[in-house]
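First up is the structure itself, then whatever we jot down about it.
No value in this document is a laboratory result; all are computed from the given coordinates. All values reported here derive from a predicted model rather than from experimental measurement. Here the Cβ positions follow ideal geometry from the backbone for every residue, glycine too, while neighbour counts run over all protein chains shown.
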Amino acid sequence: MDIKAVERKWQGIWEKTKFNHFDPKSDKPKHYVLEMFSYPSGAKLHIGHWYNYGPTDSYARFKRMQGYNVFQPMGFDAFGLPAENYAIKTGVHPKDSTEKNIETMEGQLRAMGAMFDWSQEVKTCDESYYKWTQWMFLQLYKKGLAYRKEAPVNWCPSCQTVLANEQVVENCCERCGTPVVRKNLTQWFFKITEYADELLSGLDTLDWPEKTKAMQRNWIGRSTGCEIEFECETGDKIRVFTTRCDTAFGVTYVVLAPEHPLARKLATPEQMAAVEEYIDYAARASEIDRLSTTREKTGVFTGSYAVNPMNGKKVPIYLADYVLATYGTGAVMAVPAHDERDFAFATKYSLPILKVIENPNGETVLPYTEDGIMVNSLSFDGLMGEEAREMVSKHLSKLSKGGKKVNYRLRDWLVSRQRYWGAPIPVVHCPVCGAVPVPEKDLPVRLPYEVEFKPDGKSPLAKCEKFMHTTCPKCGGEAMRDPDTLDTFVCSSWYYLRYADAHNDRAPFDRDAVDRLLPVDTYVGGAEHACMHLLYARFFTKALRDMGYLDFDEPFKRLIHQGVILGPDGNRMSKSHGNVVSPDDYVEQYGSDAFRLYLMFGFSYTEGGPWSDDGIKAIAKFLDRVEKLILKVKDEQAGENEPYGADEKALNYARNFAIQRVARDMEAFSFNTAVARLMELLNAASKYDALERKNVTLLKATVKDLILLLAPCAPHTAEELWEIWGGKQSVFAQDYPKEDAAALVLDETEYAVQVNSKIVCRAMIANGMTNEEIEERAKSLPEVQARMQGKAVKKCIVVPGRLVNLIVG
RNA sequence: GCCGCCGUGGCGAAAUUGGCAGACGCGCAGGACUUAGGAUCCUGUGCCGCAAGGCGUAUCGGUUCGACCCCGAUCGGCGGCACCA
C-alpha cells in the first residue's frame, strides 16, 4: 500500500464530504471530544501534540462508530509571551509570526488525519474572538467579579510583567525560571475566591483523575478555624485567624505581617525607626531569599500591646515576615508552646512560652502541636480537640470578639499583564469618572499593530499614543485606555464554549448551540494545567451560569491526562538536553496511521515514558499482515456445507472476545491493550486461514470485523482496506461491531486446580457444573489424588471459570 | 516537612481489582525458504536447574484457603504544595 497516497486520498475525501463536520441536525446522541488546543509555536508538531491528538482522535472515531454524533473541534491559543519575545529578538511582529505558525500547524494537523471539525476553528488572537474575551471581562465586571485593587503582586523581572499565583513555581516565574519579586501594584483581579467552596465541592461530581482533583483541593486549601479580635491600646482592632482556638490562652504575643495596614500605625515613637527598618528589610528579603525554607525567623517589636479577649491579658505586638500578608487576616496570635514557628520565634526573642495543652498519652514536650487537653485555660480546662474549639469559638461569638471562620489558600486571579500580545483590557481611565468599562457596542478594543514592545516594565500599549488616548464613555472627556492586556488564561477559559458557535458575531455563543453541545464529554490534555486552566475554566463556567448564560455547573465531565513522552534518555525533551525526537521522519517513513498506532501501543497512555522506536516496525508489519490477509480472503468463495466445529468455535470466540475487549479498552483510554487485542484477532484469523478446510463465511465475517475494529486506530489504512474489501461508503459510516454474547460462552473452561492453594494441574471443566460436581471432578484427577493420599477434603473453594482449590489435611 | 502517585522479565508493558503473574509486542535463540537476508514464515524464551523440582511482582512483616492487588514498617523514584497560622 502506498501509504502517503492513501493518506492524501482519504483526507481529500473526508474534506470534500465534510465528513469531519458536526451535524447539528442529527438525532444521534452528541459526544463532545475535546483536546486542549495548541499554542502556535514556531516549531512543527512535536511528539507531545501527536500523543495528545492521535490516540484521542481514535477515541473520537470510536465513539462515532458507536453511534454518537461526535464533535471534535480544534483551534489555537494564539496570544502569549513566546511570540512577543520572538518579536523582541527578531523584529518579526507577533501577529505575523503567529499567523504564519498557525498556517503551518493547520497543515500538519490536517496531515495527521484527525477528524477535527475545522469549520468551527477558533483563534484567540482574532478580533472576532477577543472581542468576546473582552465581553467576558465586562460581564464579570458588571457582576462584581472583576475588580481593581492595589496589592502585593508577583513580578517577573525578566518577562517584565505580573504573574498570577498559579504561574509562580517555587517562587520563580513558571515560564522563564527567574525568581519573582513582590511589588505593590494596582491591577485587575477576578474574584475566583467567591467560588472557592463550589470549586471544591464540584470536584466530587467529576470523572477526573483523583490526582488532579487532589491538586485542586490542595490549591483551594480550605481551612476551617476561628477569627479572634485583639484590641490595641490605640483602639485599633487586630483580627487573627487560627485553626487552634483551643490554644488561645497560650497566646504570649501577636504578630502582624510587615505589609499589614496597622504595621506603621502601631509603632511607638521609640520603635518607629526599628519598625521602618524592618518593613524595608522584609520587602527586600522577600526578593532575595524567599527560596530558603529553613530561613531563620526575624521580626521586630512595635512597642504596642493588644488584649487577648479570652483572658484579658495584654500581649506585645510584633511584626515578622513569617506571617503572610496575603493569607487570612495577615495577622496571627502566637502560641509558642503549641506551634513550631511561634516556638522558634519566641525562643529567639526570649518571649514567654506558656503551656495550655496537655498530651493525654504521655509527656508533653514543647512545642506540642497535636490535639490535647486544655490546661491553664480557666473554665475551659479539661476540654479537648474539636469540642474544645467549638466551645472557645462559641464563647468568642458571644463576646462579639470573633467566631468560626473558613479561609482559603486560593487567591483572587490577577489578570492584568504588562505585555503586548494579548487581549486589551476593555477599560478607560477617566480623570473624572475613574475606571469606566468600555460599552459593549464599542468592542472590540482593537490591539494596535504598530507598537514598540521592547520591555521596560511598562506595558507596551502605554507607549502607543494612538491607542491610549480616547474619550470617557461616561462623560465624554479626555481619558486614557487601560494599557494592560489580559492573561492568556482568560482566553482559554471559555474557548470550549465558543467552538459551539464559532462564527457568531452577535454574541460569544448562542444559548441553544451551547446547550446542544456542552458540557464537554471527554477532555484530554496535559496534567500541567491542573491548577491553572482547569480551575479558571471551571470558574468561568460557574460565573457564566450565575449570569444566566448557561445552565450547567461544570465544563468538563470527564478528564484524561495523557502522559509525557520523554526523550530517549529519560529526560523531558528539550533543545538544551539535545534529546528532541521529531515525529516527522517516522510519519514520512511509516505513515501517520502507523505512527499513531505505535504511540497507542507502545505506551500506557496516561503514563507516557521515554521515547524508543523499538517496535514501530512491528506496527508497520502488523498493518502489512492485515492487508495481506484481506487481499487473500476477500476473493475466497464460500462452499456448501461449511464446517462448524471446534476450530470455528475458537475463531468465533476470538472474534467476539476482541470486539468486547477492544470496545472496553478504547472506552477506558487503554489503547495499548486495545491494539494488543487487535493483534490477537489477526493472529487467530491468520491461523484459521491456514487451515485446509475452512468456513469462509465465518472467516470473512471475522476479517470484516477486524477492519471495523481497526478503523478508529488506523483511519486511512482502514478506509482503503474497507474499499478493497468492497465495503460501501466510508468505513466510519459503519456500525461498530457488537459482540455476540453466546459466542463467548464456551462448552468448557480450563480451571487451575489447587491442593492447599498450590497449583497441581489444569483441567477442562464443562460449564454449568455445580460446585459439588466440580469438587468431585477435581478429586478424581490423578495429580490431585497423588497429593491427597487419602486425606480428607476440609474445604473446597470454587471460583467459577477460574480455579478450584481443595484444602486437605 | 505535608499531600498524592509509582516500583512487575533483557526492554515497552498486561493482569476481569483478592483467584493460573508476565497477555500483546520488542529483543534474543533455534529452524524453514533462500546466492543472500537487516524480507517473510514457524518454534522456543521470567530466573535457577540436565531433570524432578525450586524461586519469583523493591525489602521485611501481617491478614487470608489464596496477595502484584488489602494492612503496617522500610528503601528507592516521580508529581504537587511548602512559614497557609
Practice task
Return the residue satisfying two criteria in turn: it lies in segment A:218-236 and is within 8 Å of RNA strand B (Cβ to nearest atom) and of a type in the set (G, A, S), and of such residues it is farthest from the chain's Cα centre (by Cα).
Solution key: A:G225
Practice task
Kindly indicate whether A:E84 is farther than 27 Å from A:S670 by Cα, among the acidic types (D, E) and surrounded by 19 or more Cβ atoms within 10 Å (Cβ to Cβ).
Solution key: yes
Completion exercise
Looking across segment A:408-435 at residues that are crowded, with 18+ Cβ neighbours inside 10 Å and in a strand (DSSP E or B), the single one that is farthest from the chain's Cα centre (by Cα) is A:C430
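Of all the strands (runs of 3 or more DSSP E) wholly in segment A:516-625, which have at least 1 residues that are more than 13 Å from RNA strand B (Cβ to nearest atom) and in contact with a strand residue (DSSP E or B) (Cβ under 8 Å, 6 or more places away or on another chain)?
A:520-525, A:556-561
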Problem - Among residues of segment A:436-484, those that are in a loop (DSSP other than H, G, I, E, B) and among the acidic types (D, E), counted - result: 5
Problem - Residue in segment A:311-330 that is surrounded by the fewest Cβ atoms within 10 Å (Cβ to Cβ), counting only those that are out of contact with any Leu (no Cβ under 7 Å at 6 or more places or on another chain) and not in a loop (DSSP other than H, G, I, E, B) - result: A:K314
Practice task
Identify all residues within segment A:176-195 that are more than 20 Å from A:Y141 (Cβ to Cβ) and of a type outside the set (S, T, N, Q); write none if there are none.
Solution key: A:C176, A:G177, A:P179, A:V180, A:V181, A:R182, A:K183
Problem - A:E174 vs. criteria under 30 Å from A:A283 (Cα atoms), in contact with a Leu (Cβ under 8 Å, 6 or more places away or on another chain) and without any contact (Cβ under 8 Å) to a residue 12 or more places away in the chain - result: yes
Handout entry: Matching residues, segment A:404-422, being under 20 Å from A:S223 (Cβ atoms), more than 10 Å from RNA strand B (Cβ to nearest atom) and of a type in the set (A, V, I, L, M, F, W, C)
Key = A:V406, A:W413
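Matching residues to (1) of a type in the set (D, E, K, R); (2) assigned to a strand (DSSP E or B); (3) out of contact with any strand residue (DSSP E or B) (no Cβ under 9 Å at 6 or more places or on another chain):
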residue: A:D23; (1), (2), (3): yes, no, no
residue: A:H31; (1), (2), (3): no, yes, no
residue: A:A43; (1), (2), (3): no, no, yes
residue: A:D57; (1), (2), (3): yes, no, no
residue: A:R61; (1), (2), (3): yes, no, no
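Every residue, every condition in (1) closer than 23 Å to A:L399 by Cβ; (2) buried (at least 20 other Cβ atoms within 10 Å of the Cβ), yes or no:
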position	(1), (2)
A:A214	no, no
A:R217	no, no
A:C232	yes, no
A:L256	yes, yes
A:P261	no, no
A:K265	no, no
A:A273	no, no
Completion exercise
A:I373 vs (1) touching a Leu at 6+ places or on another chain (Cβ under 8 Å); (2) within 17 Å of A:P309 (Cα to Cα): all pass except (2)
Completion exercise
Within segment A:722-779, residues among the hydroxyl-bearing types (S, T, Y) and either in contact (Cβ under 8 Å) with a residue 60 or more places away in the chain or away from RNA strand B (no atom under 13 Å from the Cβ) (or both) come out as A:S730, A:Y736, A:T770
Problem - In segment A:331-363, residue nearest to RNA strand B (Cβ to nearest atom) [restricted to those that are part of a loop (DSSP other than H, G, I, E, B) and touching a helix residue (DSSP H, G or I) at 6+ places or on another chain (Cβ under 9 Å)] - result: A:D339
Completion exercise
Residues of segment A:149-184 being assigned to a strand (DSSP E or B), of a type outside the set (S, T, N, Q), more than 12 Å from RNA strand B (Cβ to nearest atom) and surrounded by fewer than 16 Cβ atoms within 10 Å (Cβ to Cβ), in sequence order, are A:K149, A:E150
Fill in the blank from the handout: The condition from (1) over 13 Å from A:Y751 (Cα atoms); (2) of a type outside the set (V, I, T); (3) near RNA strand B (Cβ under 9 Å from one of its atoms) that A:Q785 misses is numbered (3)
Completion exercise
Considering residues that are out of contact with any helix residue (DSSP H, G or I) (no Cβ under 7 Å at 6 or more places or on another chain) and more than 9 Å from RNA strand B (Cβ to nearest atom), the number found within segment A:665-694 is 3
